[in-house]
Structure formats: structure tokens, C-alpha cells
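Visitor: Sharing a structure with you now.
The values are calculated or read from the model by the stated rules, or taken from the named source; none is laboratory data. This structure is a prediction, so every number in the text was calculated from the model and none was measured. Here the Cβ is made from the backbone with ideal geometry for all residues, glycine too, and neighbour counts use every protein chain on show. Just the protein is used for accessible areas: all its heavy atoms, side chains included, with ligands, DNA and RNA removed. Shrake-Rupley method; radii C 1.70, N 1.55, O 1.52, S 1.80 Å.
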Amino acid sequence: MARPTRLDNKDQGAQRILIVEDDARIADFVRRGLQAEGYVVTVAANGRDAIALGVESEFQVLILDLGLP
């Protein structure tokens, strides 16, 4: 299961984003871009992991691949 990528110790108020994407290249591209803008990003490769992460953590934004298998 994916874990949040922390940018630094000052990200307590940062927007947390969950990306649900099964293509690792796409997920990495989007993750790097969002992190460069200061967001705290977590990636889940499937719906099951995304649900578990959603129960464990609070996210302000969800980016979902609608074509997940």
C-alpha cells in the first residue's frame, strides 16, 4: 500500500491529494508535478488500496483514473 510522500516538516497545512492510477508512468508524472507545486501526494494503484487509504487518512482532492480495470 502506498504511503504519503512528505515534502518537509512544514507541510502540516498542505493540501493532500490522492491519485488513483494503475499506470505507474502516468502516476509518477502527475505526482512529481503536484509535489513540485507543494502538494502532499499519495498514489494508489487500484481501488482497493485507495479505499483503505481514504479510511486511514484525510485527502482534500482525489484524482481518479476512470478506466481502472
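Visitor: Name the residues in the range 35-51 that are aliphatic (A, V, I, L, M) and in a loop (DSSP other than H, G, I, E, B), would you?
Guide: Answer for the range 35-51, where residues must be aliphatic (A, V, I, L, M) and in a loop (DSSP other than H, G, I, E, B): just ALA45.
Visitor: Quickly run through the range 32-51 and pick out the residues that are open to solvent by 50 Å² or more (accessible area, probe 1.4 Å) and closer than 23 Å to GLY13 by Cα.
Guide: ARG32, ALA36, GLU37, TYR39, ILE51
Let's see how each residue does on (1) in contact with a Leu (Cβ under 9 Å, 6 or more places away or on another chain); (2) part of a helix (DSSP H, G or I); (3) at pLDDT 95 or above; (4) open to solvent by 60 Å² or more (accessible area, probe 1.4 Å):
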{"site": "ALA2", "(1), (2), (3), (4)": "yes, no, no, no"}
{"site": "ASP8", "(1), (2), (3), (4)": "no, no, no, yes"}
{"site": "LEU18", "(1), (2), (3), (4)": "yes, no, yes, no"}
{"site": "ILE26", "(1), (2), (3), (4)": "no, yes, yes, yes"}
{"site": "VAL30", "(1), (2), (3), (4)": "no, yes, yes, no"}
{"site": "LEU53", "(1), (2), (3), (4)": "yes, yes, yes, no"}
{"site": "LEU68", "(1), (2), (3), (4)": "no, no, no, no"}
